[in-house]
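For reference, the structure discussed in these notes is given below.
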Amino acid sequence: MAATFLPVQAGWEDAIFLGCWTSVVMTAASVHLPGGLNRPIATLLAVNAGVWCGAVIAASGAPVDLAKAAPWVLLALPGAWLVGRRWGIAIKVLASWLAAVAILGAALPTTTPTPGYVADHME
């Protein structure tokens, strides 16, 4: 999350958001790997997610948003508990839903402009 404090050039926001959504899809899809993840790969995915989260906050938010995002990390605890109780299918269903939302979020800027997402002639 140190990327929060890096300067972001104007016009990089779309690329940063695309990279973030791509990272979300990769991380969510990793729960479907046969045999699960080993510790180095899981660590690499966690660092990747942290860098993209910091970049998104640097591009569109304030550093205080980092403190607002930090509690969401605690969602890993119920996930570990579910996997430990052999209810990992719940994690796979939620991860699949998250991947679908991320793909839609990444594709939204490339679709036909709709009111609310781009400036129109009334603004």
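Remarks
- One residue alone among TRP52, TRP81 is of a type outside the set (Gly, Ala, Ser), at pLDDT 80 or above and over 25 Å from PRO7 (Cα atoms), and that residue is TRP81.
- Only one of ALA29, ALA62 that is in contact (Cβ under 8 Å) with a residue 60 or more places away in the chain and open to solvent by less than 70 Å² (accessible area, probe 1.4 Å): ALA29
- Region 76-95, residues that are surrounded by 15 or more Cβ atoms within 10 Å (Cβ to Cβ) and either under 27 Å from VAL8 (Cβ atoms) or within 15 Å of the chain's Cα centre (by Cα) (or both): LEU94, ALA95
- Criterion violated by PRO34 - all others in (1) in a helix (DSSP H, G or I); (2) modelled with pLDDT of 85 or more; (3) surrounded by fewer than 15 Cβ atoms within 10 Å (Cβ to Cβ) satisfied: (1)
- None of VAL73, VAL47 is at pLDDT 85 or above, over 19 Å from GLY105 (Cβ atoms) and under 14 Å from the mean Cα position of the chain (by Cα) except VAL47.
- Filter result for ILE103 (open to solvent by 50 Å² or more (accessible area, probe 1.4 Å) and among the β-branched types (Val, Ile, Thr)): yes
- Residues that are in contact with a helix residue (DSSP H, G or I) (Cβ under 6 Å, 6 or more places away or on another chain), free of Cβ contacts under 8 Å to residues at least 24 places away in the same chain and surrounded by 12 or more Cβ atoms within 10 Å (Cβ to Cβ) do occur in region 43-58, at least one of them.
The values are calculated or read from the model by the stated rules, or taken from the named source; none is laboratory data. Computed from a prediction, not measured in an experiment: that's the story for all the values here. Every residue, glycine among them, receives a Cβ derived from its backbone with ideal geometry; neighbour counts consider all protein chains shown. Ligands, DNA and RNA are stripped out before the accessible areas are found, and what is left, the full protein with its side chains, is counted by its heavy atoms. Shrake-Rupley method; radii C 1.70, N 1.55, O 1.52, S 1.80 Å.
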